[in-house]
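Asker: Quick one: this structure, given as structure tokens, is what I'll be asking you about.
The values are calculated or read from the model by the stated rules, or taken from the named source; none is laboratory data. Here the structure is a predicted model, which means the values were calculated and not measured. Note that we place each Cβ from the backbone using ideal geometry, even for glycine, and neighbour counts take in every protein chain shown.
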């Protein structure tokens with residue numbers, strides 16, 4: 001399993017466990033491999049697991065991945081890259097860039113999972129002045145949910161909340177790229 005696939009699975013597992021009513025569907029081409037959701041069985045032809053079981057399985061796989069073990073997802077070849085679809089109930093949306101907007105009472109919460117520990121995100125974003133940005137840590141997966149809220153139905157404030165989350169993701173991504181480049185430059189210098 002590639003690093004990219006493991007990262008996508010970690011983010012999906014962190015999101016689906018933390019945010020009620022979200023679901024994850026993992027597929028390869030048109031074939032649905034796994035449906036992760038709360039509630040009754042939706043389709044008995046597709047394996048279905050609750051979010052906590054999926055999260056636990058991804059946590060174990062992540063530990064094996066970090067230890068350098070080769071992994072496969074279900075019966076896929078190791079080089080296969082499954083697609084991961086995020087689903088939300090009517091009224092909630094998955095926006096471009098992976099931002100999920102969910103209603104929680106009178107608030108719209110805009111959030112996105114990022115594959116970095118919360119401490120890294122806080123260090124990168126601490127001085128950014130992104131008022132209203134919140135962090136939800138999933139330390140088992142080294143995933144942080146970045147989130148900002150707005151009053152439900154207020155499109156102007158919703159746009160601001162989304163921009164806060166997108167800006168935070170961009171800053172974390174740049175910092176991660178810089179770290180990666182520094183690490184590889186140091187390795188090349190040695």
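Asker: Among the residues of the stretch 180-189, is any out of contact with any helix residue (DSSP H, G or I) (no Cβ under 6 Å at 6 or more places or on another chain), surrounded by 13 or more Cβ atoms within 10 Å (Cβ to Cβ) and in a helix (DSSP H, G or I)?
Answerer: no
Asker: Kindly check whether there is at least one residue in the stretch 65-73 that is modelled with pLDDT of 90 or more and part of a strand (DSSP E or B).
Answerer: no
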